[in-house]
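Remarks on the structure that follows.
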Amino acid sequence: MQIRVGYEIVYECPQPTPMILTLHVHASRASDLVTPDHLHTSPPIPVTAYHDSYGNWCSRIVAPYGQLMLTTDALLNDRGQPDPVVQSAYQHEVQELPAETLLFLLGSRYCETDLLTMTAWQLFGNGPTGWGRVQAVCDYVNRHIEFGYQHARVTKTAKEVFNERVGVCRDYTHLAIAFCRCLNIPARYCTGYLSDIGMPPPYGTMDFAAWFEVYLGGQWHTFDARNNKPYIGRVLIARGRDAADVAITSTFGPNKLLSFKVWTDEVV
């Protein structure tokens, strides 16, 4: 199957403002692109690109005074299958983990493992390990949090999500990641496009989505505590320790977000 993805984002800046943009489809999906997701700006301005330390494709710009529109419209091939479920995936002993996964065992800006370790072991320490343990985390987080855009707060951490019991997809993801790390399972934050393909209506307003990956059985696997079910057409943009590493835009000066649209649709 093929999926059309894209966005239209409009900022207004009172002065020239440097920005870092993390908006490109991840390099792991580059071979699937039929029409590339080139970043277009209106008015036209210089754009330079680089790979960050997590392997994400980023762009640097200086937004001019006034309004700036950022857009892309891409087409990519997709296998059209739900996220794989591998219930036999086992949990590694910490001393057996590859060195590159160890960073994702540590606490980070939004995932305070030091504050949640005792809670995590009380909740999940007597249950299954491996895939079953991560699924138990997702089940708990999905039940524990009430979803609502009105509950969004850019400073909200996993501990605060646990206490407040409300949030958006990034909050579900941060709490699940923190619990997994407390349980010695490497977990990393993901952001990207997530369609409603194969899901019954009604459909909500499209947005970028957050989910996470854990390292089990020698490879990384996808989990989604917000939706808590396999999805079709998940398109990765970026990975990191938490949302701080994969912000869609990082701005270095005053600005106002005027418009924000995202689309991800099956092409039939």
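Bear in mind that the values in this text are calculations on the coordinates, not laboratory data. No experiment lies behind these values; they were computed from the predicted model shown. FYI the Cβ positions are ideal-geometry reconstructions off the backbone, even for glycines, and counts take in every protein chain you see.
General observations
- Amide H within-cut-off set for Thr17, under 5 Å, with H built and near neighbours excluded: Ala63
- Backbone geometry of segment 124-134 corresponds, through the Karplus equation with coefficients 6.51, -1.76 and 1.60 at θ = phi - 60°, to 3J(HN,Hα) couplings of 10, x, 9, x, x, 9, x, 4, x, 5, 5 Hz, x marking Gly and Pro.
- Charge tally in the Cβ shell below 15 Å around Gly107, where Lys, Arg are +1 and Asp, Glu are -1, Gly107 excluded: 0
- Take the Cα of Met69, step 7 Å toward its Cβ, do the same at Gln219, and the gap between the two points is 4.2 nm.
- At R0 = 30 Å, FRET efficiency that the Cβ-Cβ distance of Met199 and Thr155 yields, to 0.05: 0.45
- Orientation-averaged projection of the chain equals 14.5 nm² [convex hull of Cα atoms, one quarter of hull surface area].
- Charged-residue dipole, Cβ positions (Lys, Arg, Asp, Glu), the chain about Cα centre, Debye nearest 20: 280 debye
- Ordering of 230-241, 69-80 by packing [mean C-beta count within 10 Å, highest first]: 230-241, 69-80
- Computed from the Cα positions only, the extents of segment 198-252 along the three principal axes stand at 39, 37, 16 Å, in decreasing order.
- Considering only beta bridges that DSSP places wholly inside the chain, some 95 percent are antiparallel.
- Dividing the alpha-carbon radius of gyration of segment 70-134 by the rule-of-thumb value 2.2 N^0.38 Å gives 1.61.
- With only the Cα atoms considered, segment 94-244 has a convex hull volume of 114 Å³ per residue.
- Residue-count net charge about Ile232 - beta-carbon cut-off 13 Å; Lys, Arg +1, Asp, Glu -1: -3
- Normalised by the number of residues in segment 93-174, the average gap of Cα pairs under 8 Å and 6 or more apart makes the relative contact order 31 percent.
- Coordinate range of the alpha-carbon atoms in segment 5-73 per principal axis, descending: 38, 26, 15 Å.
- Expected 222 nm ellipticity per residue - DSSP helices of 4 or more, -39500 (n - 2.57), all of the chain, to 500: -5500 deg cm²/dmol
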